[in-house]
Protein chains: 2
Amino acid sequence: MSKYANAALLVIDVQKAIDAPYHASLGPRNNPDAEGKIALLLAHWRKYGRRIVHVRHDSTFPDRPGQSGYEFKPQVAPLDGEIIVAKNTNSAFVGTELEKRLQAWEIQSLVVTGVSTNNSVEATVRMAGNLGFDTYLVEDACFTFAKRDFRRVLRTADEVHAMSLANLDGEYCSIVGTADVLSR
Amino acid sequence: MSKYANAALLVIDVQKAIDAPYHASLGPRNNPDAEGKIALLLAHWRKYGRRIVHVRHDSTFPDRPGQSGYEFKPQVAPLDGEIIVAKNTNSAFVGTELEKRLQAWEIQSLVVTGVSTNNSVEATVRMAGNLGFDTYLVEDACFTFAKRDFRRVLRTADEVHAMSLANLDGEYCSIVGTADVLSR
């Protein structure tokens, strides 16, 4: 049996607002096909009838309800009946029913995708691992943006992404790729 | 009144085991005087009778009880009667009574120090911010080690530290320095 057979797929904050130009003011995002990879994972999860959770960030302009950036990006939008967990902070586990819902489903494994790698994805993955979930982060199904570090050194999106993954791998989760997940 | 007057000082995982050579196998730690800065902050908190929480990592070899690395480093050891919160994972908020204790004390602000910046300190600060605490991370009172990122690029301890701080600053906490905290 696939190690992902009883895993829930989390899609974090893939809303239209992530394309707002200010996110990329220091350089382009990485993994330009992340949405395509997430779409493949969603199709795979739907085909096998596995659990899916769409996580939506509700509070910060321009992601809030009524703003144009609030909607999910169309490639990864929920189907009717799929679960949406709304959050107001970075971690999908804080102030939400996510942990209780996963427990009710008897889910012990999570496959995590979305944005941004070093922010809401990382905050959620750190908590998932610490809460005891077997957590898999799909590194080509998430992305981030260029950023200056605290010494003002400009890091490309892929450098920011690679440091975040290194902090998480083996400590809070296992880093995997879409092709590996789809093969199981 | 100082903005830190009702803040609890958290000292995270400053145990002898952090000096084990394997931590520094890719290069030396940064902030070699972090323990000295924490000692100054502890003295300041004790002088003003503010709340202190010593966080101790209990599970992982060689930090576990009965191992020589388990003890607090002497410069930052608790005094009799000071609170110790034992944890088994990275975040001091997972599987512990920390949040309830802070609520019982009516503490809304945290000043965070300890090791390592990008691991237990970062996991704790991300949760602290998401849980709604006004959180201040003292950047010269924490430290970390060199690490390869996920693309195998070797980053110095200060590079790892600086990327962690940039991910946290303004999103989960405010980054401050020991001198600033002591002046208030």
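Values for this structure:
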| read-out | value |
| --- | --- |
| Relative contact order %, chain B, counting alpha carbon pairs below 8 Å whose residues are six or more apart | 28 |
| Probe 1.4 Å, accessible area per residue of segment B:59-177, Å² | 39 |
| DSSP loop GluC sites (Glu not before Pro) with at most 14 other Cβ within 10 Å: longest gap in chain B | B:107-184 |
| Two-decimal ratio, chain B, of alpha-carbon radius of gyration to 2.2 N^0.38 Å | 0.97 |
| B:ASP33, B:ASP180, ranked by accessible area, largest first (probe 1.4 Å) | B:ASP33, B:ASP180 |
| Under the span-like rule (Cα at least 15 Å along the axis, Kyte-Doolittle mean at least -1.0), DSSP H helices of chain A | A:34-47, A:157-168 |
| Convex hull volume per residue for the protein assembly as shown, taking Cα atoms only, in Å³ | 148 |
| Distance histogram in 5 Å bins (all Cα pairs of segment B:102-171, percent per bin) | 3, 16, 27, 22, 14, 9, 5, 2, 1, 0 |
| Interface area, B with A, accessible, probe 1.4 Å, both sides summed, Å² nearest 100 | 2800 |
| Of B:LYS16/B:LYS47; A:LYS16/A:LYS87; B:LYS47/B:LYS100, those spanning more than 21 Å from alpha-carbon to alpha-carbon | B:LYS16/B:LYS47; B:LYS47/B:LYS100 |
| Nearest-first distances (nm) between copies at B:VAL153, label 7 Å from Cα via Cβ | 0.9 |
| Percentage of interatomic Cα-Cα distances in segment A:82-139 larger than 19 Å | 21 |
| Calculated FRET efficiency for the pair A:ALA179/B:SER183, C-beta based, R₀ 56 Å, to 0.05 | 0.55 |
| Exposure ranking of A:THR96, A:THR156, B:THR178 by accessible area [1.4 Å probe, largest first] | A:THR156, A:THR96, B:THR178 |
| Nearest-10 value in Å² for the accessible area of A:SER109, using the 1.4 Å probe | 20 |
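The values are calculated or read from the model by the stated rules, or taken from the named source; none is laboratory data. All figures in this text were calculated on a predicted structure; none of them were measured in a lab. Note that we place each Cβ from the backbone using ideal geometry, even for glycine, and neighbour counts take in every protein chain shown. Calculation scope for accessible area: heavy atoms of the full protein, side chains included, ligands and nucleic acids excluded. Shrake-Rupley method; radii C 1.70, N 1.55, O 1.52, S 1.80 Å.
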